[in-house]
1. Could you line up 57, 74, 33 from fewest to most neighbouring Cβ atoms inside 10 Å?
2. For the chain, what is the relative contact order in percent, using Cα pairs closer than 8 Å and at least 6 residues apart in sequence?
3. Take the alpha-carbon centre of the range 62-136, take the same for the range 22-41, and report the distance between them in whole Å.
4. Using just the helices of the chain, give the 222 nm mean residue ellipticity in deg cm²/dmol: DSSP H runs with n ≥ 4 each add -39,500 (n - 2.57), and the total is spread over all residues, rounded to 500.
5. Against the 2.2 N^0.38 Å scaling, with N counting residues, where does the range 11-63 land? I'd like the Cα-based Rg ratio to two decimal places.
6. State the percent of C-alpha pairs, over all pairs in the range 6-135, separated by a distance greater than 22 angstrom.
7. For the range 6-135, give the share of DSSP beta bridges that are antiparallel, in percent and rounded to the nearest 5; count only bridges with both residues there.
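Every read-out reported here was derived from the displayed coordinates using simple, explicitly stated rules and does not represent laboratory data. For clarity, every value in this text was computed on a predicted model and none was experimentally measured. Cβ: placed from backbone, ideal geometry, glycine included. Neighbour counts: every protein chain shown.
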Amino acid sequence: MSYGVAAALQAAVYQHLSTDPAVTALVGTAIYDALPTGALPGLYVALGPETARDRSDKTGGGAEHEFTVTVVTDSAGFASAKDVAAAISDALVDANLILSRGVLVSLNFYRAVAARVETGDTRQINLVFRARVDDV
């Protein structure tokens, strides 16, 4: 197995979302790899946890990365968060990401969970994607 492509995949996902016109039209620059200190905007996107599994074969190292992209809003309903989540899904599914290490074989939507968090004033959607990468 190789976990060597993980940082390259994360950087490519972040770059892709940060430059996608539909995503940035909804959240501007409020796309974070690490949350900044201080007050956060009322609607933002954060890259979240990841799990990787070995998918090596006799031709070389590879892995399947299951990663989360989270949409958070303090809006009264889920509508704005769902708009952003849809734009993220549209941007990432089957995206042709160029990695600084390795090759992206596939990128697919896996599942999403929408919920109220904290005192119920915050809405959050966790989008989970699966990426298959080869470490060539």
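1. Details: 57 9, 74 15, 33 12.
In order of increasing Cβ crowding within 10 Å: 57, 33, 74.
2. Numbers: 277 pairs, mean separation 38.3, N = 136.
Relative contact order here is 28 percent.
3. 14 Å
4. On the way: 3 runs with 35 residues, N = 136.
Rounded to the nearest 500, it is -8000 deg cm²/dmol.
5. Values: Rg = 15.5 Å, N = 53, 2.2 N^0.38 = 9.9 Å.
Normalised Cα radius of gyration, the range 11-63: 1.56.
6. Working: 2938 of 8385 pairs.
The calculated P(r) of the range 6-135 puts 35 percent of pairs beyond 22 Å.
7. Numbers: 37 of 39 bridges.
Around 95 percent of the beta bridges assigned by DSSP in the range 6-135 are antiparallel ones.
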